1. Any idea which residue in segment 619-669 is modelled with the lowest pLDDT, counting only those that are of a type in the set (G, A, S) and more than 15 Å from the chain's Cα centre (by Cα)?
2. Any residue in segment 366-383 that is modelled with pLDDT under 75 sitting within a Cβ distance under 7 Å of a residue that is of a type in the set (V, I, T)? List the pairs, counting only those 6 or more apart or interchain.
3. Can you tell me which of L613, L622, L618, L605 is part of a helix (DSSP H, G or I) and either touching a Pro at 6+ places or on another chain (Cβ under 9 Å) or surrounded by fewer than 18 Cβ atoms within 10 Å (Cβ to Cβ) (or both)?
4. Just to verify a result, which residue in segment 536-547, among those that are among the hydrophobic types (A, V, I, L, M, F, W, C) and modelled with pLDDT under 80, is farthest from M317 (Cα to Cα)?
5. Return a yes/no flag: does segment 347-361 have any residue that is more than 28 Å from I394 (Cα to Cα), modelled with pLDDT under 80, in the same structural domain as F503 (by TED's automatic domain parsing) and of a type outside the set (D, E).
6. Limited to segment 396-417, what total is found for residues that are part of a helix (DSSP H, G or I) and of a type in the set (D, E, K, R)?
7. Looking at segment 403-439, which of its residues are more than 43 Å from the chain's Cα centre (by Cα), of a type in the set (S, T, N, Q) and closer than 18 Å to D374 by Cα?
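The values are calculated or read from the model by the stated rules, or taken from the named source; none is laboratory data. Predicted, not measured: the structure shown is a model, and the values here were computed from it. Because the Cβ atoms are built from the backbone with ideal geometry, glycine has one as well, and the counts that use them run over all protein chains shown.
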Amino acid sequence: MNKINFKIALNQIRTNKFLYLPYILASTLMVYIFDLVYTLRDQEFMESSRGGTTILQLLEIGQWTIALFSFIFLIYMTNSIIKSRYKEFGLLYSLGMDKKGLRSILLIENLIFASSAILLGSLLSLLTSPLFVNLIAKILDLNEEIIFDIDPSKLILGIEVFALIFIFISIISLLSIRKKNPLELSQKSKEGEAEPKVKILSFILGLLAIGAGYKIALGVDNFLQAFPMFFPAVALVIIGTSFFFQSIVICLLKLLRKNKKIYYKRVNMTFIGELIKRSKESAQALSSITIISSMFLLSFVVMAAMFIGKNAWLDRMNPADYVISSETYDPVFDSYIKEAIENTKNQTGIRTGEIKTIESVTSFAKDTSQGDFDIGKPDNINYVGTLSDDRSRIINIVDEESFNRSTQNTYKLSDGEVLVFDSENEKYESISIGDMKFSVKENLSEINPILVDSTMSLFHNVLLVVKDTDDFNKNFSQNQNMAFGNIYKTYFDLEDRSMENAFNFSKKLAQNLERDSDIIEKLRINNGIENRYEFDSMHTGAYITIIILMILFMVSIIVVIYYKQAAEGLSDGGTIEILKKVGMSNKEIKKSINRQNYYTFFIPLLVSIIHILVASKLAHKLLQVFISLSRADFIKIEIGAILVYIIVYILIFKITTPIYFKMGNINKE
């Protein structure tokens, strides 16, 4: 590694600063984000904070996602940069530089890039991490003072990870110029100029992969199916997108060329011809923009949905501040629980709202036809099929007295009448369970969530309000083939719902209930206030992770579009001069270029929007574990996120367009 090679390397970096400056900035940001996440994970308060374990798991997933994405993205960018410099390498060979010298120059350049990115990213993390950590502590609502020590040892993992990434990048750079013949390198710079052929196999694979991914996304009926199907669907769509730009787009362009009315226009001939010529070369960039845009949009939609649908989910899972439930009813139980609550109120001085009780009957069922429910057998509850079966239902039955008490209504039911609530908004005219038939007085649009089992609320629930559950049970007690389970709930709210009150009340209530070990073992106590605080903290961890990934995706989109504009400009610089010589006016050339650019940069946007819209059902079912939103509301959030992203994307396109014309002027030859 001699001084001459070092000077040449520095000169090449200065000459190609328009290529390398965004590359260094992007890689610096990736190092910086990776270090920030690791520093946050290493703070003691994170583990001890409410929901800290879940937050740390989310941050760990986010950290290694950043590393993997950085690895893939930086390798892609390296390939793009190397491709744009093949002609330059060929010229150096022609001037007498040997293979060893050129490799030495590339190693020096990569060493400069790696050291610059790692050093700048680490230094930036070291300087700003105290602010970042204290900001997160404030967001998590931690009252304790956070003592932060600047510790350079926390940067070691980031240095090791990105050093390894840059080693791989250096290997790829060296392998890319393994041919030392200058003519071959010059020819490689013109790859993609020959008209590409439609690859039938790629065409078929693209259609099959996207079709299969879409079919999986549209075929999911509940969250149990969504979890195992999410990654296969994403993988298939990514593979299909790559094939789409490699073959399907070329096929569509060639079909346009065969249409004489469209093609034989002066501007269209140039526009379509240039797109066909460069479609093979552009396939990787366009598929990358599409995939990263889809990932950004998905992250945006998930974050917005979690923010909007969180409170409704919490209301569903925690319908009251305290719910004490049991599967066994005894008058002694009821008086014992209420006595413990009153003692707790007196001992703590914490006031509660009205203490209410309800009795409900629950069973699994299969909806064999609209409103005809087949109840499972006691000795084989799987008779109704798995919960992922789209015909399976959770049947909840309460009497009108419990329903009116919980909802402050005054319904009066006659014998054989029921009120019905369906969590999927299905409507019924009549209901059949075994030999019993009921007419539906009213289909309810909403209910108090206390009336259904919160642990089963993620599934398809049907609530039946009957006149009297005792009469209902008597009718079914004669039929031993029916499986029903009774749940008795005592529930109430605190007047002052502070975390301190919740902690003190829970502690004293547990002590009062534990006076009878036989009874306490049969009770299940749900503290809704503590659950809300913990869930808020977990959501915060998810927000932090998603926002970090969104920043990473956005930077990647900007950089890819920037390089694509630069590559198009370099490629078209000479072509523009030729078009002028054959008689095309500046206006016609500009019109043709604008059409090419609109196609090149807005087709990926359109495809990514289609991907997200098709994935809406899968994403909605997946997020039901964390949010409570109707499908219609979820689609509204998607549309809002898409509109925001379209505006951002257009701004990126407008901001990066000048680089196209700048490169076009540079490459006039």
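1. Taking segment 619-669 first, the residues of a type in the set (G, A, S) are 619, 628, 630, 632, 640-641, 664.
Still in the list and also more than 15 Å from the chain's Cα centre (by Cα): 628, 630, 632, 640, 664.
Working: S628: 78, S630: 80, A632: 84, G640: 93, G664: 59.
Taking the candidates together, the pick is G664.
2. I375/I433; G376/V384
3. L613
4. Filtering segment 536-547 for residues that are among the hydrophobic types (A, V, I, L, M, F, W, C) and modelled with pLDDT under 80, the one farthest from M317 (Cα to Cα) comes out as I544.
5. Among the residues of segment 347-361, not one is more than 28 Å from I394 (Cα to Cα), modelled with pLDDT under 80, in the same structural domain as F503 (by TED's automatic domain parsing) and of a type outside the set (D, E), which makes the answer no.
6. Number of matching residues: 3.
7. The one that is more than 43 Å from the chain's Cα centre (by Cα), of a type in the set (S, T, N, Q) and closer than 18 Å to D374 by Cα: S439.
Listed here are the residues, each with its yes/no results for (1) at pLDDT 80 or above; (2) in contact with a helix residue (DSSP H, G or I) (Cβ under 8 Å, 6 or more places away or on another chain); (3) within 24 Å of I24 (Cα to Cα); (4) part of a helix (DSSP H, G or I).
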{"residue": "R103", "(1), (2), (3), (4)": "no, yes, yes, yes"}
{"residue": "F113", "(1), (2), (3), (4)": "yes, yes, yes, yes"}
{"residue": "T128", "(1), (2), (3), (4)": "yes, yes, yes, yes"}
{"residue": "L135", "(1), (2), (3), (4)": "no, no, no, yes"}
{"residue": "I146", "(1), (2), (3), (4)": "no, yes, no, no"}
